[in-house]
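Read the structure below first, then the notes.
Taken together, the values in this text are just the output of simple stated rules run on the coordinates, not laboratory data. All of these numbers come straight from a predicted model, not from anything done at the bench. Here the Cβ positions follow ideal geometry from the backbone for every residue, glycine too, while neighbour counts run over all protein chains shown.
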There are 2 protein chains.
Amino acid sequence: MNQTADIPTQIKDPNLVLQRRRQIVDASVKLFVENGFHKTTTRQIARATGFSIGSLYEYVASKEDVLYLVCDAIHAEVEASVAKILSDASQGREALSEVIREYLMICHRMSDHILLMYQVTQFLPPQWKKKVLENEIRITGIFRDVLRHAAASGDLPMLDEKTAELVAHNISVLGQAWAFRRWFYTRNYSIEDYIAFQTKTIFSIFNGQSE
Amino acid sequence: MNQTADIPTQIKDPNLVLQRRRQIVDASVKLFVENGFHKTTTRQIARATGFSIGSLYEYVASKEDVLYLVCDAIHAEVEASVAKILSDASQGREALSEVIREYLMICHRMSDHILLMYQVTQFLPPQWKKKVLENEIRITGIFRDVLRHAAASGDLPMLDEKTAELVAHNISVLGQAWAFRRWFYTRNYSIEDYIAFQTKTIFSIFNGQSE
DNA sequence: GCAATCTGATCGAGCGCTCGGTCAAAAAAG
DNA sequence: CTTTTTTGACCGAGCGCTCGATCAGATTGC
């Protein structure tokens, strides 16, 4: 699950690696959100983390490694949050609206991070970029599964596979849109307004479905 | 309208400036789309444009200037396309579905450019960044107006202002999503599939409205 | 012949990353 | 228990290089 293991290190003690990398990620997220990836220097990262440039490179082989650690951590947090919803969720219609609500709340809470992810994915080496995109698909897949289950339990009309997948993507995208367009939305709407509207929009897809 | 005038140059002949900058933009768009803004060097830009690094800096004071010229050009193209739709469009329901279709086709045709704009806005100096965001709002405003007109002509249920604006944003966002998630969508869907689905989604919002 | 335009060698700040070295603490030896 | 040796986390000056930007001189066109 956690990709951290893929990144080589000079340090022998695995627990220390985990702890230090957590420090690195915490410091870097903050710096990247504030100044962007390119304007952040490795020295800044080291300083903010609380050790020297040399030590930084004991735990990481390149600046891109840091970027990947950051992306991985953000995804892990989003996914953990979404997974938590699922374990608590009810069945059928209820489950869907709860998942939508909680997902949009996550996007609200983590809008800085979501924005960062989008700005930054392009700078990852190809194989890691691929993993980030796979994470994206996996989260969308969760929504698709909720739709499937609700349909299977007869609580919502069955959508064909392809349509269900598009609905799932719409949920993902409209959550991220709250982060992208925060500068506009927050002038006119609360997150509750937004949740109410998008929930209604998603459910209205089902209304015309049985015709 | 065209912001080109804002950017200082050493060259006396304004027509030459226009022509050369067009060359610069054409070459740069290609390079930026392929390699991104940061990985593209000023030397590459000069070479691709067909003159020396020195000459480039006769027409432009910085690399950021090039970026702004590029954004401005893309912006102009999108705007021209959207404006063209409006002049051709019918009334009421028809107008809405036509506008959705054409807008999504623009997003399809210009997906590289839309992706580029999003990746690159963050590197613009604040006042130019602001202009890009204003443009974003203006395009969304066009959709809102189409919704208003359709409602006024009685062909669609009236939405309150705030809801109409959210619907308009959804159209904008879902168009851009086709560009962002092209890597996934194109594996499973044609742009026609996508248009059909999103059109249905938007219209279904109106179905539950009169209740 | 003089402006206007173009050229490309040259500059130098800034950055990612390296590598020889230090030192505290653990392990081994006596 | 004391001394010696080994270990490995931590350090930071500095290397190598990139790349945006400059400018003095060459070329062109009127």
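For chain A, modelled as a GNM whose springs connect Cα atoms under 10 angstrom apart, the maximal fluctuation among A:Glu58, A:Glu136, A:Glu98 occurs at A:Glu58.
Evaluated with a Cβ-only charge set (Lys, Arg +1; Asp, Glu -1), the protein assembly as shown carries a dipole of roughly 1420 debye about its Cα centre, given to the nearest 20. Remark: the protein assembly as shown is approximated by an ellipsoid whose semi-axes, taken from the C-alpha gyration tensor as √(5λ), come to 37, 33, 17 Å, largest first. What the pair-distance distribution of the stretch B:66-206 shows, using all Cα-Cα distances binned every 5 Å from zero, is 2, 10, 19, 22, 19, 14, 9, 4, 1, 0 percent.
Projecting the Cα atoms of B:Val33, A:Gly175, B:Tyr194 onto the charge dipole of the protein assembly as shown (Cβ charges, centred on the Cα centre) puts B:Val33 farthest toward the positive pole.
In the structure shown, the pairs A:Lys129/A:Lys200; B:Lys131/B:Lys200; A:Lys39/A:Lys129; A:Lys12/A:Lys130; B:Lys39/B:Lys131; B:Lys30/B:Lys84 are assessed against 22 Å; a Cα-Cα span above that value is assigned to A:Lys129/A:Lys200; B:Lys131/B:Lys200; A:Lys12/A:Lys130; B:Lys39/B:Lys131; B:Lys30/B:Lys84.
In chain A, the beta-carbon sitting nearest the axis that superposes A on B belongs to the residue given here with its distance in angstrom, A:Ser204, 2. Distances between copies of A:Gln122, taken at a point 7 Å out from Cα along the Cα→Cβ vector and listed shortest first: 1.0 nm. Taking 7 Å steps out from each Cα toward its Cβ at A:Lys130 and B:Glu94 produces label points 5.0 nm apart.
Using the scaling law 2.2 N^0.38 Å as the reference, what is the normalised Cα Rg of the stretch A:3-65?
Details: Rg = 11.1 Å, N = 63, 2.2 N^0.38 = 10.6 Å.
Output field value: 1.04.
The angle separating the long axis of helix B:14-35 from the principal Cα axis of greatest extent in chain B is about 70 degrees. Shortest first and in nm to one decimal, what separations exist between A:Pro8 and its copies in the other chains, measuring from label points 7 Å along the Cα-to-beta-carbon line? Here A:Pro8 shows inter-copy label distances of 4.9 nm.
So if we plug the beta-carbon distance of A:Leu18 and A:Gln44 into 1/(1 + (r/R0)^6) with R0 = 22 Å, what FRET efficiency do we get, rounded to 0.05? Mind dumping the intermediate values first?
Values: r = 23 Å, r/R0 = 1.02.
For R0 = 22 Å, the calculated efficiency reads 0.45.
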